[in-house]
Every structure is written in C-alpha cells, then in structure tokens.
Amino acid sequence: MDAYIEALKAYQTFNPAGWVALYRVLPMWAGIVCGALGLVLLLMGGGRLFRLVAGPLGALIGLAWTGVLLARFSLTGMDPRLPTLAAAVLAAVGFIFPPAIIYLAVGIPLGLLGGEIAGPNDFILGFAPGLILGGLVAVVLSRPMSAIISSCLGAWLLVIGGMAALHHFSGLVGALARQPWGIVLAAALFAVAGSIYQILVRPSPEEVEKQQAERQRLKKRKEEQRAMEKRWDVTRK
C-alpha cells in the first residue's frame with residue numbers, strides 16, 4: 001500500500017516522469033483491469049456511469065491535493081491522516097452528488113494555477129477566482145465536462161494499464177517510459193478522441209431515454225394493433 005501512496009504523490013506536482021512511473025507498481029492483472037476500465041470510461045464514462053467515476057475521482061482528489069492545499073495555505077502540524085479522511089469524504093460526495101466533484105476537479109487545478117501566477121505572497125488572490133469561477137463554469141457545463149473528465153481519466157488508465165500489463169514481456173515499455181512526454185501526448189490524444197466521441201457522437205442520457213420511450217410506444221402500438229386484428233378475426237368468424 002505504501003508503494004501506491006508514494007507513486008500517487010508524484011501527481012501532487014508537475015512531474016510527468018513520476019506520473020508515468022505509476023505503471024511499475026501495478027501487477028499485470030491490475031494493468032489489464034485498468035486498461036479495460038479506461039476503455040469503458042473513454043467510450044461511455046460521461047453518461048450515467050459518471051456517478052461511479054466521481055466516487056474514486058473524489059478519493060484521488062483528496063489523496064493528491066489535500067496535502068498540497070495545506071502546504072500552500074501554510075497549515076502545518078495537521079493530522080497526517082487528514083488526506084485519507086478527505087479522500088473518504090470526497091468519495092462519498094462523488095457517489096451522492098457528482099457535480100461537486102466536477103467543481104473540484106476543474107476548480108482546484110485552475111485555482112492552483114492562478115495562485116502560482118499570483119505568487120506566494122498573493123496566492124489566495126489567484127487561487128480563489130480560479131477555484132470559484134472555474135468550478136462554477138464546469139458545473140454549468142456538467143455534461144461535456146463529465147465526458148472530458150472521464151475521457152482524461154480513462155485515457156490515462158488505458159495507457160498506464162497497458163504499460164503495466166506489458167512491461168514484463170517487452171523492454172519497449174521501459175524505453176517508452178524514458179520519454180514521459182510521449183506517454184502524456186499519447187494519453188492526451190486518446191482523451192481528445194474519447195471526448196469528441198462522447199460529446200458529439202454518443203447520444204446524451206436524455207436522448208437515450210427519449211429513444212427508449214419511443215421504442216416502448218411503438219411496441220405498445222403494435223401490440224394494440226395485433227389485439228385489434230385478433231378481435232376483428234373473432235368477430236368475422
């Protein structure tokens with residue numbers, strides 16, 4: 001467990017090599033599972049499945065960014081179990097109310113970026129607008145944002161899972177890992193393709209419900225028509 005936590009700490013900083021290194025701690029079976037899950041998220045994670053995505057994503061946000069935020073706001077001496085507690089709380093929030101995780105998944109990175117631009121002395125002045133405005137826009141655009149978030153997560157799981165599943169059989173994976181920007185670019189291309197598919201090609205949940213309702217109406221109409229034809233046949237006889 002400690003190895004996984006250490007690997008996830010790389011995601012607290014801008015460290016592409018550390019992000020890619022996550023594949024080394026995953027066994028082959030976990031890589032296969034991650035790859036399959038990533039493909040599902042790429043194709044349909046932004047629909048009704050997003051509630052299942054939001055829970056684990058909330059846990060990752062809690063684990064990865066709680067310590068970063070505490071350090072940025074100089075809140076030292078806090079209980080070291082706080083990130084784990086935040087992860088548990090955010091996981092529950094994600095399952096119950098996914099838009100809250102969309103808000104944090106977009107708002108926190110934008111807030112951190114704004115804080116970096118503003119500088120250490122004015123960090124809060126840059127962080128607050130990024131968090132509030134970025135998060136609100138993301139929630140307003142929740143359907144496309146859920147597709148984009150699920151595609152990004154799915155693309156990364158697909159790439160890292162594939163590397164974890166194959167690295168015991170091929171030295172090529174290790175060579176690719178030494179070019180982390182290439183791995184990040186490949187995941188980004190998968191994420192773009194998945195986002196385009198989910199937003200522009202795959203029907204929205206509302207459209208799916210409408211199509212299902214239309215099929216039910218047609219089915220009921222045909223059943224009524226067949227019943228009427230049977231009554232007419234009985235009457236003629």
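Given the alternatives (i) 13.7; (ii) 18.3; (iii) 13.0, mean projected area of the Cα convex hull in nm² as computed for this entry is given by (ii).
Quick check on segment 38-85: take the gyration tensor over C-alpha atoms, sort the square-rooted eigenvalues as a ≥ b ≥ c, and tell me if it's rounded (a/c under 1.5), prolate or oblate. Spell out each step's value before the answer.
Details: a/c = 4.24, a/b = 3.18, b/c = 1.33.
Taking the square roots of the gyration eigenvalues as a ≥ b ≥ c, segment 38-85 is prolate.
Rounded to the nearest 20 debye, the dipole magnitude of segment 1-104 is 180 debye, with +1 charges on Lys and Arg beta carbons, -1 on Asp and Glu beta carbons, and the Cα centre as origin.
Normalised radius of gyration (Cα atoms, divided by 2.2 N^0.38 Å) for segment 1-128: 1.14.
The alpha carbon radius of gyration of segment 137-192, expressed as a multiple of 2.2 N^0.38 Å, is 1.38. Put simply, the C-alpha atoms of segment 6-67 give a gyration tensor, and the ellipsoid matching it has half-axes of 22, 17, 10 Å, longest first.
Against the chain, whose longest principal axis is taken from its Cα atoms, helix 205-236 shows a tilt of about 10°. Quick one: net charge of GLY45's neighbours, Cβ under 15 Å, K/R +1, D/E -1? Neighbourhood net charge equals +4.
Looking at segment 1-78, the trypsin sites (Lys or Arg not before Pro) that sit in a DSSP loop and have at most 16 other Cβ atoms within 10 Å of their own Cβ are ARG48. Using a probe of 1.4 Å, the accessible surface attributed to LEU82 totals some 50 Å² when neighbouring protein chains are kept in position. Annotation note: chymotrypsin sites (Phe, Trp or Tyr not before Pro) in segment 120-217 located in DSSP loop regions with a Cβ neighbour count of at most 15 within 10 Å are PHE169.
What's the magnitude of the charge dipole for the chain around its Cα centre, counting Lys and Arg as +1 and Asp and Glu as -1 at the beta-carbon? Answer in Debye, nearest 20.
1420
The values are calculated or read from the model by the stated rules, or taken from the named source; none is laboratory data. The structure displayed is predicted, hence computed values, not measured ones. So basically every Cβ, Gly included, is an ideal-geometry build from the backbone, and we count neighbours across all protein chains shown. These accessible areas exclude ligands, DNA and RNA; they are computed on the full protein's heavy atoms, side chains included. Shrake-Rupley method; radii C 1.70, N 1.55, O 1.52, S 1.80 Å.
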